[in-house]
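Single-structure report; data block below.
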Amino acid sequence: MRLLILAAFASRLLAQQLPAFEVASVKALPAGSLITVVGGRPSGSRLTLEAMSLSDLVSWAYNIKPWQVAGGPPWGGAKGDPTILDSGTRRFDIAAKAEGEAARSPEEFRAMMQSLLADRFHLVLHRQTREIRVYALVVDKGGLKLHESAAGGKSVMRMNGGGHITGTGATITQLVDWFSNSNGVDRPIVDQTGLKGRYDFTLEWTAPKAGVAPDLSAPDIFTAMPAQLGLRLRSQTAPVEILVIDSAAMPGEN
């Protein structure tokens, strides 16, 4: 208990030291709401986040993957597998504005979100390194099959139906970020390719769908990766930094 009180005090102290939004609205969506959009839109001095769970907000504010958030209250979304949200998870719309009209960088917005989480959600967390099961994404022994994009083009990623991804001017980091349990990858992916360029590619595979028999004519993700991209998912364990939510409270209406 003493440690938790000290952590809460440190969290409030951190919030006082971080830059803060001039004004921010936090709205809890009704439990069981139909969700069509989840994500954020920084624009100038304003930030809009829609239908995000506490786990999503922590992931966004600290610029980490959702699976790197653990613990927290039952409504927070970070369970044993944070990529799966149950019906008890609450989501929030946040509309915030920084002081003045000057455009703010993503890093500045993230620092302000850390302050908001400490102030409005009374968030207390700590960092921890855990050895967990992952898939390491590596270049296959058959060689890379990605095509480098033309310089100066736009970066676009599209997913169609969970088993079809098209990338134009996309990075390997962007590709990795699109995988989860919902499209056939049952653990986090760690990029170990060393590839820093931008690439054009199409990846098609059989993704699981609830109540639908799998299409046996299409390859699974572990076959499709080396055949279509020249990349491979290798099972291993790796030390990963996790943010553990010690405590948080539902924010008051404003």
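The values are calculated or read from the model by the stated rules, or taken from the named source; none is laboratory data. For clarity, every value in this text was computed on a predicted model and none was experimentally measured. FYI the Cβ positions are ideal-geometry reconstructions off the backbone, even for glycines, and counts take in every protein chain you see.
Can residue 76 be described as more than 24 Å from residue 191 (Cβ to Cβ) and either buried (at least 20 other Cβ atoms within 10 Å of the Cβ) or modelled with pLDDT under 80 (or both)?
Values: more than 24 Å from residue 191 (Cβ to Cβ): yes; either buried (at least 20 other Cβ atoms within 10 Å of the Cβ) or modelled with pLDDT under 80 (or both): yes.
When the stated conditions are applied, residue 76 passes them.
Select, from 196, 145, 154, the only residue that is free of Cβ contacts under 8 Å to residues at least 40 places away in the same chain, within 22 Å of residue 230 (Cα to Cα) and not small (Gly, Ala, Ser).
Matching residue, one of 196, 145, 154: 196.
In the range 16-80, which strands (runs of 3 or more DSSP E) lie fully inside it and hold 1 or more residues that are more than 28 Å from residue 103 (Cβ to Cβ)?
23-28, 69-71
Can you find a residue that is modelled with pLDDT under 90 and in contact with an Asp or Glu (Cβ under 6 Å, 6 or more places away or on another chain) anywhere in the range 124-147?
There is at least one residue in the range 124-147 that is modelled with pLDDT under 90 and in contact with an Asp or Glu (Cβ under 6 Å, 6 or more places away or on another chain).
Residue by residue, here is whether (1) crowded, with 21+ Cβ neighbours inside 10 Å; (2) at pLDDT 90 or above; (3) not assigned by TED's automatic domain parsing to the domain that holds residue 191 holds:
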{"residue": "53", "(1), (2), (3)": "yes, yes, yes"}
{"residue": "81", "(1), (2), (3)": "no, no, yes"}
{"residue": "86", "(1), (2), (3)": "no, no, yes"}
{"residue": "111", "(1), (2), (3)": "no, yes, yes"}
{"residue": "117", "(1), (2), (3)": "yes, yes, yes"}
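Tell me which residues, restricted to the range 55-65, are more than 14 Å from residue 249 (Cα to Cα) and buried (at least 21 other Cβ atoms within 10 Å of the Cβ).
56, 59, 60, 61
Filter the range 179-206 down to residues that are at negative phi, assigned to a loop (DSSP other than H, G, I, E, B) and surrounded by fewer than 17 Cβ atoms within 10 Å (Cβ to Cβ) and give me whichever is modelled with the lowest pLDDT.
Pass one, the range 179-206, residues at negative phi: 179-183, 185-193, 195-206.
Still in the running and assigned to a loop (DSSP other than H, G, I, E, B): 179-180, 185-188, 192-193, 195-198, 205-206.
This time we only want the ones that are surrounded by fewer than 17 Cβ atoms within 10 Å (Cβ to Cβ), so: 186, 192, 196-197.
Numbers: 186: 80, 192: 94, 196: 93, 197: 93.
Here the answer is 186.
Going by the structure shown, is residue 168 modelled with pLDDT of 85 or more, buried (at least 16 other Cβ atoms within 10 Å of the Cβ) and not charged (D, E, K, R)?
yes
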